[in-house]
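Student: My questions all concern the structure below.
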Amino acid sequence: MNKPVELIIFDWDGTLFDSVGQIVASLLFAAQQFAQPLAADAAKSIIGLGLPEVAQRLFPQVPELHTEILQCYAEHYVANSKGDVWFDGVADMLNGLREAGLQLAVATGKSRKGLDRVLAQTQSQALFVATRAASETKSKPDPLMLEEILAETGVSAERAIMVGDTSYDLEMARTIAMPRIGVSYGVHTPETLRQYQPLAIADDVPSLQQHLLQYVDLKQVI
């Protein structure tokens, strides 16, 4: 059954924000400080999870060091990420979607402190009707953050679209039968994203905007 689209929920890192490289660099730095082995591919693969889940995945052998490693990571990231910005075209896309009558939201693996910092950095607080960070709810791929956004906005899952660059984003949307669109310019490959039956996979921001406006214009999601 076709439903009009009312709400677009975006992941942040690797979907809206060009920050993947700095996240990986900061994770590698933190691992090095505590003499823990870590490959760049492994660090990249966990982007999108909450920080406790990141530590459990990457450093299972030293649970006693998780708090210190994460603190080191966070300090390095904040000190070195001042150049992180939205991907080209994101600001125009978000404003265009708002003008088309869509509600916009964010569901991210960041902490609330980290999300508030980048929302202020991009002066984008007013663009989003709801935001959820992993530190205040369950980490992806659990769908709780999506369910909380839907409850806050009063929109049903079939009238929303989740947009993300990782399997975690698409898996949590699929769990609650929410339509979803993947982006291939972030973390996970198109082959990985296709496993979660997205409506489309966008190779860049302009093509993502075209996909989203298609559903706005047609007022339907398949």
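Student: Tell me, which residue of region 43-90 that is open to solvent by 40 Å² or more (accessible area, probe 1.4 Å) and among the small types (G, A, S) is modelled with the lowest pLDDT?
Tutor: Here the residue is G83.
Student: Quickly run through region 129-142 and pick out the residues that are open to solvent by less than 20 Å² (accessible area, probe 1.4 Å) and not in a helix (DSSP H, G or I). If you could, list the steps in order and put the result at the bottom.
Tutor: First pass over region 129-142, keeping only residues open to solvent by less than 20 Å² (accessible area, probe 1.4 Å): 130, 133-134, 139-140.
Across region 129-142, the qualifying residues are A130, A133, S139, K140.
Student: Could you grab me the full set of residues in region 98-128 that are assigned to a helix (DSSP H, G or I) and open to solvent by less than 20 Å² (accessible area, probe 1.4 Å)? Even if it seems obvious, please write down each step before you answer.
Tutor: Of region 98-128, the ones assigned to a helix (DSSP H, G or I) are 98-99, 112-121, 125-127.
Residues satisfying the conditions are G114, L115, V118, L119.
Student: Can you name every residue in region 47-102 that is touching a residue at least 40 places away in the same chain (Cβ under 8 Å), small (G, A, S) and closer than 30 Å to Q214 by Cα?
Tutor: Answer for region 47-102, where residues must be touching a residue at least 40 places away in the same chain (Cβ under 8 Å), small (G, A, S) and closer than 30 Å to Q214 by Cα: G48, G89, G96, A100, G101.
Student: Looking at region 186-222 only, could you name the residues that are open to solvent by 50 Å² or more (accessible area, probe 1.4 Å) and of a type in the set (S, T, Y)?
Tutor: T189
Student: Go through region 113-135 and give me each residue that's modelled with pLDDT of 95 or more and either out of contact with any strand residue (DSSP E or B) (no Cβ under 9 Å at 6 or more places or on another chain) or of a type in the set (K, R) (or both).
Tutor: R132
Student: In region 154-215, which strands (runs of 3 or more DSSP E) lie fully inside it and hold 2 or more residues that are in contact (Cβ under 8 Å) with a residue 60 or more places away in the chain?
Tutor: By residue number, 160-164.
Student: For region 211-222, state whether one or more residues are at pLDDT 95 or above, over 24 Å from Q22 (Cβ atoms) and hydroxyl-bearing (S, T, Y).
Tutor: No: zero hits.
Student: Would you confirm whether any residue within region 144-159 is within 23 Å of G21 (Cβ to Cβ), among the charged types (D, E, K, R), open to solvent by less than 70 Å² (accessible area, probe 1.4 Å) and in contact with a strand residue (DSSP E or B) (Cβ under 7 Å, 6 or more places away or on another chain)? Walk me through it before giving the result.
Tutor: Step one: of region 144-159, the residues within 23 Å of G21 (Cβ to Cβ) are none.
No, every residue in region 144-159 fails to be within 23 Å of G21 (Cβ to Cβ), among the charged types (D, E, K, R), open to solvent by less than 70 Å² (accessible area, probe 1.4 Å) and in contact with a strand residue (DSSP E or B) (Cβ under 7 Å, 6 or more places away or on another chain).
The values are calculated or read from the model by the stated rules, or taken from the named source; none is laboratory data. Computed from a predicted model, the values in this text were never measured in an experiment. A quick note on method: Cβ atoms are made from the backbone with ideal geometry, for glycine too, and the neighbour counts reach across all protein chains shown. Side chains included, ligands, DNA and RNA excluded: accessible areas come from the protein's heavy atoms. Shrake-Rupley method; radii C 1.70, N 1.55, O 1.52, S 1.80 Å.
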